[in-house]
Amino acid sequence: MTFKVIKPGYFSTIQDYGRWGYAGYGMSQSGAMDEHAYCWANKLLNNHFNDAVLEITFGGVQLIALVDTVVITTGADLNFTINNQTAPMWQNIKISNGDLLSWGMPKSGIRSYFSVKGGFDVAQSFNSKSVNLRENIGQKLMQGDELNCNAHQYSIHKMIPRHYIPNYNNHCQLRLLPTYQFDEFNSHQKKLLFNQTYRISPANDRTGCRLKGQPIILLKQSSISEGISYGCVEISNDGMPIILLKDSPTIGGYPKIGTVFSLDLALLAQQQTNAKVRFQAIDMATAQQKRAEFNIFFGIE
């Protein structure tokens, strides 16, 4: 039982929760860029939190269902339709063999998540189904591909409470945890980071997001390369922050002023070029509490 790809879109890939335990071998975390939308897509279908979904970036996708099943689309509003009729998002929907599912141009946000009951049945690589083109793991969706899944006839109708649906048009406020190098930046450099509004540059993809703004001038521009993590904020030689994302390398030598709180990176994943971004501080205890609450709610192990 499958979905057949009629139009693959600009950049569509299979993603799950991520590739864990391989950073020591130089492999990225990978996984869905918008964790919030991804987790809701699986939760509303009673899927496992790690089930694979289709991450659709900037739309342009058409699929033909060759199976009767239950599906959901969350995340960006890419004008989702079924048989050329507008279809609801953030709630599960029954579809039938022969239905045409389409995602058009972005109205709000840039990444949609299409999930099926039971998740997509694709091969794992290094204990994950996530595609990472930078590391030559898997490939993006191509015309004629088939996405395997199981048939499902029945599902209790579920939808997200409206107040949990993000407004992707809001300015992006990113809470920052200080790294061990935070105190190597002087008070002026820290004020520049926290007191200005940055804009997202065109250098923005699954590897990282480079910001534009008033530069933070560094006396020490680089150091010995060391381990870096998802959400790490490096200050490059031109003084611009780079926020490392799901497919980023595992080592780097730029000075690191902090790490963005992981749950805030979901909103960043939905921002287009020139969107506004600001930083604010968050303490470790608050971040850990909010992270634990999120993990418990979505059953993340």
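Miscellaneous remarks
- Within segment 107-117, the set of residues being outside any strand (DSSP E or B) and surrounded by 20 or more Cβ atoms within 10 Å (Cβ to Cβ) comprises Lys117 only.
- Members of segment 276-295 that are in contact with a helix residue (DSSP H, G or I) (Cβ under 9 Å, 6 or more places away or on another chain) and either among the hydrophobic types (A, V, I, L, M, F, W, C) or not assigned by TED's automatic domain parsing to the domain that holds Arg206 (or both): Val277, Phe279, Ala281, Ile282, Ala287, Phe294
- Of residues in segment 1-28 being of a type in the set (Phe, Trp, Tyr) and assigned to a strand (DSSP E or B), the one surrounded by the most Cβ atoms within 10 Å (Cβ to Cβ): Phe3
- Complete set of residues in segment 23-55 that are more than 21 Å from Lys140 (Cα to Cα), of a type in the set (Phe, Trp, Tyr) and modelled with pLDDT of 95 or more: Trp40, Phe49
- Note on segment 29-50: among residues that are part of a loop (DSSP other than H, G, I, E, B) and small (Gly, Ala, Ser), the one that is surrounded by the most Cβ atoms within 10 Å (Cβ to Cβ) is Ser30.
- Within segment 88-132, restricting attention to residues that are hydrophobic (A, V, I, L, M, F, W, C) and closer than 16 Å to Gly9 by Cα, the residue that is farthest from the chain's Cα centre (by Cα) is Leu100.
- Subset of segment 118-176 (residues that are closer than 20 Å to Gly75 by Cβ, among the aromatic types (Phe, Trp, Tyr) and surrounded by 15 or more Cβ atoms within 10 Å (Cβ to Cβ)): Phe120, Tyr168
- Candidates Lys191, Lys246, Lys256, filtered to the one that is without any contact (Cβ under 8 Å) to a residue 12 or more places away in the chain and not polar (S, T, N, Q): Lys191
- Residue within segment 157-167 that is under 22 Å from Gly31 (Cβ atoms), over 22 Å from the mean Cα position of the chain (by Cα) and not aliphatic (A, V, I, L, M) present: no
- For segment 242-301, a residue qualifies if it is of a type in the set (Lys, Arg), buried (at least 20 other Cβ atoms within 10 Å of the Cβ) and touching a Lys or Arg at 6+ places or on another chain (Cβ under 7 Å), and exactly one does: Lys246.
- Look at segment 88-104: where a residue is within 13 Å of His157 (Cα to Cα) and modelled with pLDDT of 95 or more and a partner is in a strand (DSSP E or B) and among the acidic types (Asp, Glu), sitting 6+ places away or on another chain with Cβ atoms under 9 Å, you get Met89/Asp77.
- Selected residue (criterion: surrounded by the most Cβ atoms within 10 Å (Cβ to Cβ)) from residues of segment 51-86 that are more than 19 Å from Val5 (Cα to Cα) and not polar (S, T, N, Q): Gly75
- Hey, Thr207 surrounded by fewer than 14 Cβ atoms within 10 Å (Cβ to Cβ), at pLDDT 95 or above, more than 30 Å from Ile93 (Cβ to Cβ) and of a type in the set (Ser, Thr, Tyr) or not: no
The values are calculated or read from the model by the stated rules, or taken from the named source; none is laboratory data. What you see is a predicted model, and the numbers here were worked out from it, not measured in a lab. All Cβ positions, even for glycine, are placed from backbone atoms using ideal geometry, and neighbour counts span all protein chains on display.
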